[in-house]
Amino acid sequence: MASKFQSRLVGTIILVAIGVIFLPDLFDGKKQHYQEQFASIPLQPQIGTEEEFTTIPEPEFVDIDLPPEPVTVVIDEPTESQGPEVAAKPLKVAPQPVEKPKVGNHDSGWVVQLGVFRNIDNANQLVSKLRDAGYQAHVFPKQPKPGDLARVVVGPDVSKSKLSAQLKDLEKLTGLKGRLLRFNPLNP
């Protein structure tokens, strides 16, 4: 006879085998089966009656005689009924000296720098105050990284005199004494 231990061992092995085989299918749930659907192709298209289609008329050929000489433009003289006579005097145009374009950005523009701020919120508040007053104000750099300084400038403008005239108004508005600087569009 087999010992109780052997019987229990065989029973345990049978229960584990049944669990390994059947339990995953039981807990897996519904299985989805995918099958490609094919549309059937008709063997021969249905032929309709010819009355459904309209016929295209044949092109008409028209004999056109072209002039033997090329066409020239003729401008009629103004008549009395068209208005006063227009004198056909040649216009003299005085040549104007052409300025040579300057190389680089030396005279590209000017800005008024009002301040340099470590706190970007203070710089943005000052810019919004200046914009509400009608000035063209900017913060450079646009997206400062933590630890970067933000410059508040008014401008750029090509006219240095226009910006220097605005210095006193800016000082009254903000309480900051600005200074004129050249504007470098490549590195504002």
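The values are calculated or read from the model by the stated rules, or taken from the named source; none is laboratory data. Note that the structure is predicted; figures quoted are calculated from it, not measured. All Cβ positions, glycine included, derive from the backbone under ideal geometry; neighbour counts span all protein chains shown. Surface areas here come from the heavy atoms of the whole protein model, side chains and all, with no ligands, DNA or RNA. Shrake-Rupley method; radii C 1.70, N 1.55, O 1.52, S 1.80 Å.
Some points to look at:
- Extension gain (nm, one decimal) between Leu186 and Glu69, 0.36 nm per residue minus Cα-Cα: 36.0 nm
- Contour excess over end-to-end distance, with Cα ends at Val62 and Ala165 and 0.36 nm allotted per residue: 29.4 nm
- Note on exposure: Asp148, Asp76 ranked by accessible area (1.4 Å probe, complete protein assembly) read Asp76, Asp148, with the most exposed listed first.
- With the highest mean first, a sort of the peptides 56-65, 20-29 on other beta-carbon atoms found within 10 angstrom per residue produces 20-29, 56-65.
- Computed on the stretch 118-175, the Cα convex hull volume stands at 81 Å³ per residue.
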